[in-house]
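Take a look at the structure set out below.
The values are calculated or read from the model by the stated rules, or taken from the named source; none is laboratory data. Bear in mind the structure is a predicted one, so any value in this text is a computation, not a measurement. Quick reminder, even Gly has a Cβ in these numbers, built from the backbone with ideal geometry, and neighbours come from all protein chains shown. These accessible areas exclude ligands, DNA and RNA; they are computed on the full protein's heavy atoms, side chains included. Shrake-Rupley method; radii C 1.70, N 1.55, O 1.52, S 1.80 Å.
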Amino acid sequence: MKPRSPSERLHKALFLSPEQPVAGSGGGGLRSASLLEYLRQNYSVDVMDFVLRPHSKNFAAKAWRNSMRLLRGVPPLFDRYSGYEDQLSARLGAEQYGLGVVEHFWCASYAPLLRTHCQTLILDLHNIESQLAQTHAKAARWPASWASGRFAEAYRRLEHEWLPHFDAVLVTSEEDARFVEHPRVIVYPNALPEIPVPDVEEDNCIVFSGNLEYHPNIEAVRWFRSRIWPRIRAQHSSVEWRLIGKNPKAVARWTSGDDRIRVIGPVEDAVAEIARAKVAVVPLLSGSGTRFKILEAWAAERAVVSTLIGAAGLGARDQEHLLIAGDAGAFAAAVSRLLHDAPLRRKLGQAGRALYLSRFTWSAAWQNLKDAGLVG
């Protein structure tokens with residue numbers, strides 16, 4: 001093969017992602033898809049992922065793995081995606097790139113290998129993993145709370161070790177940027193393509209959406225089912241709670257046994273399904289980054305009720321773009337208020353959609369990269 005000239009190398013990019021950068025694979029896939037699409041407008045892009053070693057998903061095997069990780073001080077996902085240097089090196093060969101983008105902090109340890117192939121190296125932080133683990137430690141029950149606290153400490157150590165290996169770091173919001181020690185931090189917001197408002201009938205229901213095995217979503221479903229839903233159910237005799245997203249078995253213990261809880265599961269068009277609801281609920285107790293579930297509700301022009309941490313990083317104002325509730329009673333009251341008040345639902349839905357169109361479409365997010373002079 002003829003060696004590439006320096007100019008050809010500068011216009012090639014490597015995109016390393018541990019998950020498929022496509023819609024339908026969760027919030028991570030959506031974020032990666034938006035960044036990949038932008039890169040393809042400016043570079044010839046090689047996308048690389050991993051062929052992971054198989055492992056058992058039964059409870060005992062998972063508990064054993066995580067016990068060993070606690071003893072070693074290595075968080076689960078960082079451990080799961082480590083140790084594939086030989087696989088990546090074989091695929092990279094002698095290729096050289098002007099730009100390398102690494103998706104997720106879990107893959108940060110490949111920086112030394114990638115540095116030999118990439119002139120500029122960027123790390124895209126979907127979450128600040130230490131903050132995600134720390135907030136989960138506060139929301140979860142023991143022993144998960146204790147384990148998450150230990151993993152938060154491990155992530156802080158690993159972030160201090162690996163972030164300096166990159167030329168720039170992308171984060172989802174100014175709030176996340178405050179937790180990153182690096183000379184070049186660029187806010188690249190989570191975003192969706194510009195989606196028209198779905199033309200669907202509004203049903204008498206509320207909706208929660210997301211990957212239902214993601215631990216902040218599990219905690220959210222548990223809290224909503226036990227503390228909030230009984231109050232809403234008692235006040236509204238026919239309203240239904242719907243759950244949209246993959247891996248519904250992860251929350252089955254909280255969604256079964258009630259004929260007014262309807263698990264939709266994964267859908268092809270989440271925005272259209274959310275648009276069928278009167279209210280989108282975001283009862284998150286932990287998290288980092290920003291929430292695609294809110295962006296999708298805004299794209300659907302639907303009113304949102306969220307906790308403060310659920311709405312973090314979006315710059316949304318309470319009572320203007322959504323309603324924010326700090327405890328179970330306030331959350332149930334906010335949802336009930338919106339179920340009774342159609343004009344307020346419309347007002348919040350329209351304001352949320354306007355914010356989405358101005359800040360959280362792909363074209364708006366891409367402008368941040370152009371303004372930073374990072375790529376393109």
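Side notes on the structure shown:
- Criterion (open to solvent by less than 60 Å² (accessible area, probe 1.4 Å), over 22 Å from Ser288 (Cβ atoms) and not aromatic (Phe, Trp, Tyr)) met by exactly one of Leu35, Leu71, Leu30, Leu99: Leu99
- Residue pairs whose Cβ atoms lie under 8 Å apart, sitting 6 or more positions apart in sequence or on different chains, and linking a residue in the range 113-134 that is touching a residue at least 60 places away in the same chain (Cβ under 8 Å) to a partner that is among the basic types (Lys, Arg), are Gln119/Arg9; Asp124/Arg31; His126/Arg31.
- Going through (1) in contact (Cβ under 8 Å) with a residue 12 or more places away in the chain; (2) within 24 Å of Ser67 (Cα to Cα); (3) in a helix (DSSP H, G or I); (4) not aromatic (Phe, Trp, Tyr) one by one, Ser145 falls short only on (1).
- Flag not set for Ala152, criterion: buried (at least 22 other Cβ atoms within 10 Å of the Cβ), in contact (Cβ under 8 Å) with a residue 12 or more places away in the chain, part of a helix (DSSP H, G or I) and among the aliphatic types (A, V, I, L, M).
- Filter result (under 21 Å from Leu35 (Cα atoms) and either part of a helix (DSSP H, G or I) or aliphatic (A, V, I, L, M) (or both)) within the range 155-185: Leu163, His165, Ala168, Val169, Leu170, Val171, Glu174, Glu175, Asp176, Ala177, Val180, Val185
- Single match in Thr135, Thr116 (criterion: crowded, with 17+ Cβ neighbours inside 10 Å and not aromatic (Phe, Trp, Tyr)): Thr135
- Residues in the range 146-162 that are closer than 17 Å to Glu181 by Cβ and aliphatic (A, V, I, L, M): Ala152, Ala154, Leu158.
- Residue count for the range 18-47 satisfying the condition of being outside any helix (DSSP H, G or I), within 22 Å of the chain's Cα centre (by Cα) and modelled with pLDDT under 95: 9.
- Matching residues, the range 62-71, being modelled with pLDDT under 90 and small (Gly, Ala, Ser): Ala63
- Scanning the range 219-244 for residues that are among the aliphatic types (A, V, I, L, M) and open to solvent by 40 Å² or more (accessible area, probe 1.4 Å) returns a single hit, Ala234.
- Any hit, the range 284-292, residues being touching a residue at least 60 places away in the same chain (Cβ under 8 Å) and of a type in the set (A, V, I, L, M): yes
- Contacts under 7 angstrom Cβ, first residue in the range 202-215 being modelled with pLDDT of 95 or more, partner among the acidic types (Asp, Glu), 6 or more apart: Asn204/Glu240; Cys205/Glu240; Ser209/Glu296
- Just one of the numbered conditions (1) assigned to a helix (DSSP H, G or I); (2) free of Cβ contacts under 8 Å to residues at least 24 places away in the same chain is not true of Gly326: (1).
- Pairs meeting the criteria (first residue in the range 330-353 and among the small types (Gly, Ala, Ser), second residue exposed (fewer than 15 other Cβ atoms within 10 Å of the Cβ), beta carbons under 7 Å, at least 6 apart or on different chains) are Ser336/Gln235; Ala351/Glu320.
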